[in-house]
Amino acid sequence: MADLLGYKCPSCGAKIEFDSTSQQMKCPYCDSEFDVASLQAYDEVLNQQAAGEGEMNWDNDAGADWEPGEAEGMRVYKCQSCGGEVIADGSTAASQCPYCDAPVIMMGQLAGDLKPDFVIPFQLDKEAAKKSLMKHMEGKPLLPKVFKSQNHIDEIKGVYVPVWLYEADVDAQIQFKSTKVRRWSDSNYSYVETSYYNCYRAGQVGFEHVPVDGSEKMDDTLMESLEPFDFSKAVNFQTAYLSGYLADKYDIDAEASSVRATDRIRQGTRDSFRDTVKGYNTVEIENENINLQKGETHYALYPVWLLNTSWNDKKFVFAMNGQSGKFVGDLPADKMKAVLFFLIGAVVGGLIGWFINSENLLVPIIAALLAGGIVLGILWSQLKSVHKEDSARNYVKQDSFHLAQQNDRYLYKKTERTARQKSN
């Protein structure tokens, strides 16, 4: 045992000792127990020096030059408020900016920018966007009653939003720290035993068509909330698809956008590997080595309906996926209704807590606060549909995920004991 004398407890960091009764290594401070083999294996895992993650060099040769005469008839319009530039055919009446609702003026002929590789054509019209807005406001108890009737639609515009699409293959090795929890009690104490495991996963996964918004004016979070778009319906770009619509000009290039793509692909890799760690109460990443390879980039236009509305001198922006019909946009809350629903939840929770333990007033009070908070949180979340999408898990290539190694190894356990409250 001499080689184990210098080991520290993985749970609290204190020096561990050999316990003759249990014939295991034991921490005298937190009572965690370890068998010798698992402790040695755990130490070997922690001492492994992960290979450095290489920098990803994206092939940003996306888009193409316009063919001679191909951009004829296309016009560029500039917003005098936000400076945004949109592209439209000569017959489109571009009177207002789709982003800030300010007037736009025609600048002249389109020139100089890259031509998109692909476009997903609009499959839903303006009327579908109007109907989706009304449906979006249904079934939300915290929404002010008058909002549905008084929310004025100022402008609805169909816009092709520029997006950079990224593809990459990933090699990854990830170590997860997982736990299994067991609870029991006797006449005097309640026990919680937590067993810790090291779960190692190594393998490959591929991603394709991971989109990143290439427009500075378009809210990135709003655009990500509209995902996913079905790329299988994309076609090679032709100017005819822009007829009657606006197309935003990209003002964030592929290289700058690749940072967001890399982050999303890394998170998508973590999620894919995390899904293989099953049967545990908790799972968290302890260390990882994620390497991206064969990065490619494409330039595309995705269809979005933007709805600018106003109510009580406030502006609201809603958006609909012009392909799938997914509708997003945050709604206002009625503060008086919020207080009412919190109180209703608190009363119900307090009664349940009183039924469970009427002798300790702290129990129904805590139950009331928790229940009120849960009810309010659920109803509040119904009003908030705009959110970041940090993971690219929706863009995993079919049949690309392969596990080369997987190993779940028991490390140690820790038991906590609390005295049970005895009734008089």
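The values are calculated or read from the model by the stated rules, or taken from the named source; none is laboratory data. Keep in mind the model is a prediction, meaning the values are calculated, not measured. No Cβ is skipped: glycine too gets one built from the backbone with ideal geometry, and neighbour counts run over all protein chains shown.
In the set (1) at pLDDT below 95; (2) among the small types (Gly, Ala, Ser); (3) in the same structural domain as residue 213 (by TED's automatic domain parsing), residue 325 fails one condition alone, (1). Report yes if some residue within the range 187-210 is within 18 Å of the chain's Cα centre (by Cα) and among the polar types (S, T, N, Q); otherwise report no. No, there is no match, as no residue in the range 187-210 is within 18 Å of the chain's Cα centre (by Cα) and among the polar types (S, T, N, Q). Of the residues that make up the range 395-414, is at least one assigned to a strand (DSSP E or B) and small (Gly, Ala, Ser)? Within the range 395-414 (the criterion being assigned to a strand (DSSP E or B) and small (Gly, Ala, Ser)), the answer is yes, since at least one residue qualifies. When the residues of the range 377-424 are filtered to those that are basic (Lys, Arg) and touching a strand residue (DSSP E or B) at 6+ places or on another chain (Cβ under 8 Å), the one that is farthest from residue 164 (Cα to Cα) is 420. Considering the range 308-338, the residues that are among the aliphatic types (A, V, I, L, M) and farther than 28 Å from residue 256 by Cα include one that is surrounded by the fewest Cβ atoms within 10 Å (Cβ to Cβ), namely 336. In the range 125-146, the qualifying residues are those that are over 25 Å from the mean Cα position of the chain (by Cα), of a type outside the set (A, V, I, L, M, F, W, C) and not in a loop (DSSP other than H, G, I, E, B), and the one that is surrounded by the fewest Cβ atoms within 10 Å (Cβ to Cβ) is 127.
Residue under question is residue 341, and the condition is that it be touching a residue at least 60 places away in the same chain (Cβ under 8 Å), part of a helix (DSSP H, G or I) and either outside the structural domain of residue 144 (by TED's automatic domain parsing) or surrounded by fewer than 15 Cβ atoms within 10 Å (Cβ to Cβ) (or both); does it hold? Yes: the conditions hold for residue 341.
Pairs meeting the criteria (first residue in the range 198-222 and farther than 18 Å from residue 165 by Cα, second residue aliphatic (A, V, I, L, M) and outside any strand (DSSP E or B), beta carbons under 9 Å, at least 6 apart or on different chains) are 198/41; 198/45; 199/277; 200/45; 201/277.
Okay, residues lined up against (1) assigned to a helix (DSSP H, G or I); (2) in contact with an Asp or Glu (Cβ under 6 Å, 6 or more places away or on another chain):
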| residue | (1), (2) |
| --- | --- |
| 278 | no, no |
| 294 | no, yes |
| 315 | no, no |
| 330 | no, no |
| 365 | yes, no |
| 378 | yes, no |
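Residues in the range 309-328 that are among the hydroxyl-bearing types (Ser, Thr, Tyr) and closer than 10 Å to residue 133 by Cβ: 1 in all. For the range 161-219, a residue qualifies if it is in a strand (DSSP E or B) and polar (S, T, N, Q), and the qualifying residues are 173, 175, 178, 179, 185, 190, 194, 195, 198, 204. Of note, residue 224 does not satisfy the criterion of being surrounded by fewer than 23 Cβ atoms within 10 Å (Cβ to Cβ), in a strand (DSSP E or B) and assigned by TED's automatic domain parsing to the domain that holds residue 301.
Taking the listed residues 385, 391, the one that is in contact (Cβ under 8 Å) with a residue 40 or more places away in the chain, over 29 Å from residue 181 (Cα atoms) and surrounded by 17 or more Cβ atoms within 10 Å (Cβ to Cβ) is 385, with no other qualifying.
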